[in-house]
Structure formats: structure tokens, C-alpha cells
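Single-structure report; data block below.
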Amino acid sequence: MTQLLWNGLFVGSFYALIALGYSMVYGIIKLLNFAHGDLYMLGAFIGYAMLSSVGVIPASMSITALLIVLLLTMIISGGIGVGIERLAYRPLRGSPRLAVLITAVGASFTLEYGVSAIAGPNPRVFPVRLQGETFDILGARVSAPQIVLMVIAVLLMLSLNSYIQRTSMGRAMRAIALDPKGSLLMGINVNKVITWTFFIGSALAGAAGVMAGAYYGKIDFLMGFIIGLKAFTAAVIGGIGNIKGAMLGGLLLGLLEAFGSQWLGGEWRDVFTFAVLIAFLTLKPTGLLGERVTERV
Amino acid sequence: MKLRIPKVLAVGAVAAALMATTGCGGILSGGDENASGDSGPIKIAAVIPLSGSSAPTGTYMKNGMQMAIDEINAKGGVLGRQLQFDPEDEACDPTQAAAAANKAVSNGAVVSVGGYCSGATLPTLPIFAKANIPMIIPAANSQELVNQKLPNVFLINGTGAQQSAAAVKFMAKDGVKSVALVDDNTSYSKDIAAQTKKDLEAAGGIKVALATSVTAGESDYSSVVHDITGANPDMVYWTGYYQEGGLIINQLKAAGFKGKIMVADGSVDASLIEIAGGTSAEGVFATMTQTPDTIKGAETWIADYTKKFGSAPGPYSTQSYDAVRLAAEAITKADSTDGDKIIAALAAIDGFELFSGPLKFTPEHTLSSGGFQILVVKDGKFTLHDDLS
């Protein structure tokens, strides 16, 4: 039981990190950025490229090296996210919603097959693999790397939350989510804020990518696809546009999967998970925390 | 070999392919005009995955075929004519495969030697059948391909049922008492798992402690690992693909699973061991047809291949090489490029030497023995453990 809880929360924290980017972008410009899952993949590949170029890293240094790579990857993948917004989404600002949505799908394929063309379609094995001691906590088998990754994920989410609540940029984001035209008239540089939103969301996805690469050990160019869909789902359960909702939705999705697999068997896991979601959204279409629409993001 | 798509989709794709072939009758009959006729090169088509996640294996296959074609051409070709190779990419996707097959037909293919992903190969069967082009399938081996009962289709890889039989035989031999069967929810993988379950139940003595599926393409398999450690079987038999297989082995070991692990042919790839990480994959068994590494006397062939392509051959290189040689042999025997005559020649072949041994097709056009053997991971490499003979 505790093992299931732990498994669910651990996977859920990955979903949550990616769901945040989905939710932030949707909250601000009402765009479902389907390329978001691929930024997670891109993050994993950037981390891979950096770690392999360094050469052999002694085991004692691997955590430090990983943290440095994590930070650099966040900056680079954030930059790429901004680039995508600039090239693919900004020119379409104001066009029909569907056009932008299809552009997002196009951006997703471009990233996937671009990486496949450059790095090859074969899966790669991450140069650093976090494998550590396991502890027994209340009957659950928990490993040291899992704890480290959970702590990093929680720290990232908490700092994002206080950033949005406490800084002027955060206030500007909330204002644009509320009323983009009004914000413009009030002298907020809307484009700058949107750029910044893409940067943060993409950086978080990139961080999740490096963490997944280091923990699971395998990366490939399609790794962002399924997790992107799951994160999107998590964002919707949480109430899309709502930051805390995205975090909660991610954790809930992870738990649903863990328990669904246990109760009904692995082949029914996704059926169970998504049936619960459909039922849930039928009863509460705005998602868990979606009601507080007065303040999205 | 792999059926990476759900059955419903496969059936739909076949239907779509059928419609495409009937709808495009003009294109197909038009194709006869540029067919290889009586002069010029004889075209050998191969619909194989050259992009997508199965691209590495597709490349092994293409190289094996190219090697056979170059060798035959160097010796003067077939019927005094050169062979021309026409590889078409299907990306392991049924829709692309149907389009690629139509293209191969209109290019004037005489024999098709492709077929890796069963799901993508299935919709190409009616297309080649309609054009009366013999198909020698080197890798795809789903039972569904056999069940179509098409006269032009020949499989030179062991079938799923033969693989299950080999797995069950080894489990009994190894003294395993309980087994967990895990598949990746695709038809190829489910076929083997279901067949193994049926064989185990029929044989008795070995308990199926757990039969479950995972979703391919994910990274976290903690839920299935939790189910397995809960059921605590003597052996886990994973019938899916190496990417997920490697992760599952890694996560099973991390969760403290002490039992044995066996994987099916879709997981036999050096990457499985790398993805599993460290020494996690040591001692993992596999049911597999012969690979270049396990064939005695293939050393010169491997050296030639490596010299020609700059990298070592991989799974299905030998079968693909053999498929082309077999096609050339059949054309020679038939003394014609006529489909019916080549099909008759193929069906009549007896004792033609392949890497897997002398060839004689069963009435179903499959190998009489699957040639499955048990490999084990030792010192980071798949090595022969038991040839089950």
C-alpha cells in the first residue's frame, strides 16, 4: 500500500513538472502547446549531449555534475521554448485558435523528427545513472535517487509558485491571464511576459527530461509523446491554467495509475485511469482547482 | 516480427489496403508495363522500416539484402540479368507500408523480400498477392501472417507459436515452477504471451502466477514491477520490445526481484543490456532464432559484412541475406520472372542451405522447425545457452 502510494507520487511528480508548463501557457495565451512534451525529450537530449561531452565522470561527482547539467539544460531548453514561441506561435497571435493548435502539433513533430535526424532513431543510454541505496520507509522501498529527484521537483514547484505569487513578473502573468487587452493598456509588456512564461515552462520540462534520463537511464526521440499526453491530462484534471491544480493533477494521475494497475491488472491501468478522468470531468468540468477562474496561472 | 499496433487497427489497415488496391487497379495493372519484362534488371523489392523506432533493425536487413544482391550480381546475376534492389521505407506503420508496397509493385518488383514489423507487413500481403508477386518474409512472424493463407507468402523466420513452444520447453527444462507473463499490449507481443499461457496450461506443472501488460513508450514501469514482486514468480517472461524490456529489467532488479528473467526475440538487441544498465541484465535468458553471433561458421560472413558496411551485422541481417539468395534461387529454378512459376519453385525448394539450415517449407509456407534457441546474457553479451535440440 505505502509502496503504491510512493510509486504513484514519484511518477506523479514528473507529470506535475511537465503539466506546469502546459498549464502556464494555456493560462496566459489559451494555447495547448503540444510541443511541450517534446521539450522534455529535448531536455533529456541536451543533458545527454553535455554529459557525454565531458567524458567519464567519477561516481562521487555524478550528483554535482548532474545538478550543473540540470541548470544549464533548463536555460537552454527554456531558450528553445522561447524560440519556438517566437518562430511558430507569435506570428499567429490573433489567428483562429485551430491554426495555432495545428502549428503546435507541427512544432511537436518538427522537434521529434529533428532530433531523430540529428541524434538518430536509436535509444540512447544516459551517461550518468542514479542508482543508490534503498531504504525501507513504512513498508515502501524507496531509493536515495528517488528522494533526491522528488526534492528537486518539489523545490522547483515551490519556487515557481512563490515566483508567480510574489514578483512583479508573476503579477503581470496573472494579469494577462485575466485580461490580455486590459494588461496591455495598463502598460504591461505582454510579449515580454509571454516569452518569459514559455521560458519557465520549457525550463521545467527540460529539467524533468534530464531527471528522467538520469533516473530511468534511457532516452529516445519519442519519449516526450506519451508523457506529454499524460501531463496534458494532469493539467486538465487540475483545472488547466491553474498552477497548483497542475501539480495536484500530476500527483493524482500518478496515484490513479499505481492503484489502477494494482486493482485491475496492468492491461487495464490506462482504461481505469482515463475512465476515472472522464467521470471526474463530467462531474466537474473545470477540474480540481479550476473554479478559481478569476485568477488563472 | 513485431506487431506494434492493436489488432483492430491491423484489421482496419488491411481493409484500407484492400480498398486501396481495388481502387487503384489502374495503377497496379499500369505497373505491369514497367515490370521487369524479359530484359533489363530484375527488381527485388523490400518494404522495411528505414525510419522510426525500428530503423536500426531495418538497416541491418537492408545491408544484408544489399550484400546478397551485390554478390549475386558479381557472379553474373540471375538468368543472365542483373538484380536491382528497391528498398522502400514503411516506418513500421501500416499505412506507410501499404503505400510503399504499392510503389514497389508499380516499380515492377519481381519478388518482395521485406517484412519486419508484422503489423506493417500484414496490409502489404493483399497488395503483393493481387499483383502475384512472391513474398519471402525474412523477419515478420506473427501467426496472423500465416493465417491469411496466401499462396505467394513464404516465411523464413520462426513463428510466434514456435517461439512460445521453445519458451515453454526451456521453462520446464530449467525447473521453473511459476511464471509471470508480461507483454506490451501489441498484437505480436500479446500473441506470444497468450500462446505461452495456453501451452503452459496444457502442459501443466508450471503455474502462471501473473499475466499482465504494460504500455509501450513509457519510462516508469513501477506498477508492473510492483505486481511482479507481489506475485513473486520463479521467472518473468517479457514478450515485448527491447526499449521497455531494458527498463523493466532495471526496475525489477532495483525493486529487489531475485527470480529469473527471460525475453522474447523483440528484446534481443545489445541496447537491452545497455538500457538495463550495469550488470542488471546478466543472466537474462532470451528465446531467439539464430543471429550472426550464434551461427557456427558465420565468421567470414560477419567479417565481409563488417568490411562492407563499417559496422557489425545485427538481428535479421542473415535472414535478409538469405531471403535474397532464396529469391535468386527460385527465379533460377523457375527460369522465368513469372510470379506463378517462382511461387511454384519456392514451394518445391528442398534442402537449399540457409544460415538456419537446409530449407523446406511446410504446406503453410513456414519453416518446419522454428530454429528457436535460448540465449543468455553473459559478460554483457547475448551468448548461446541452450539450442533446445
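The values are calculated or read from the model by the stated rules, or taken from the named source; none is laboratory data. Given the structure is predicted, the values throughout are model-derived calculations rather than measurements. As a convention, Cβ positions derive from the backbone with ideal geometry for all residues, glycine included, and neighbour counts pool all protein chains shown.
Scanning segment B:196-219 for residues that are modelled with pLDDT under 90 and within 13 Å of chain A (Cβ to nearest Cβ) yields B:THR215, B:ALA216, B:GLY217, B:GLU218, B:SER219. You will find that of A:MET24, A:MET61, the residue that is without any contact (Cβ under 8 Å) to a residue 24 or more places away in the chain, in a helix (DSSP H, G or I) and out of contact with any strand residue (DSSP E or B) (no Cβ under 9 Å at 6 or more places or on another chain) is A:MET61 and no other. Considering only residues of segment B:241-266 that are at pLDDT below 90 and under 25 Å from the mean Cα position of the chain (by Cα), which is surrounded by the most Cβ atoms within 10 Å (Cβ to Cβ)? Across segment B:241-266, the extreme among qualifying residues is B:GLY266. The number of residues in segment B:158-183 being out of contact with any strand residue (DSSP E or B) (no Cβ under 7 Å at 6 or more places or on another chain) and at negative phi comes to 11. The helices (runs of 4 or more DSSP H) found wholly in segment A:202-297 and carrying at least 2 residues that are crowded, with 24+ Cβ neighbours inside 10 Å and either of a type in the set (S, T, N, Q) or in contact (Cβ under 8 Å) with a residue 12 or more places away in the chain (or both) occupy A:223-238, A:243-264.
Take the conditions among the β-branched types (Val, Ile, Thr) and within 11 Å of chain B (Cβ to nearest Cβ) and apply them to A:ILE237. Does it pass? For A:ILE237, the condition - among the β-branched types (Val, Ile, Thr) and within 11 Å of chain B (Cβ to nearest Cβ) - is not met.
Does any residue of segment B:27-42 turn out to be within 28 Å of B:ASP293 (Cα to Cα) and either at pLDDT 80 or above or assigned by TED's automatic domain parsing to the domain that holds B:PRO123 (or both)? So far as segment B:27-42 goes, no, none of its residues is within 28 Å of B:ASP293 (Cα to Cα) and either at pLDDT 80 or above or assigned by TED's automatic domain parsing to the domain that holds B:PRO123 (or both).
Does segment B:260-274 contain at least one residue that is assigned to a loop (DSSP other than H, G, I, E, B) and out of contact with any strand residue (DSSP E or B) (no Cβ under 6 Å at 6 or more places or on another chain)? The answer is yes; a qualifying residue exists.
The rows are residues; the columns are (1) modelled with pLDDT of 90 or more; (2) assigned to a strand (DSSP E or B).
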residue	(1), (2)
B:GLN319	yes, no
B:ALA328	yes, no
B:ILE331	yes, no
B:ILE342	yes, no
B:ALA347	yes, no
B:GLU353	no, yes
B:HIS365	yes, no
B:GLY370	no, no
B:LEU375	yes, yes
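Highlighted here are the helices (runs of 4 or more DSSP H) found entirely within segment B:53-156 that include at least 1 residues which are within 14 Å of another protein chain (Cβ to nearest Cβ) and either at pLDDT below 90 or within 27 Å of B:ASP335 (Cα to Cα) (or both): B:55-74.
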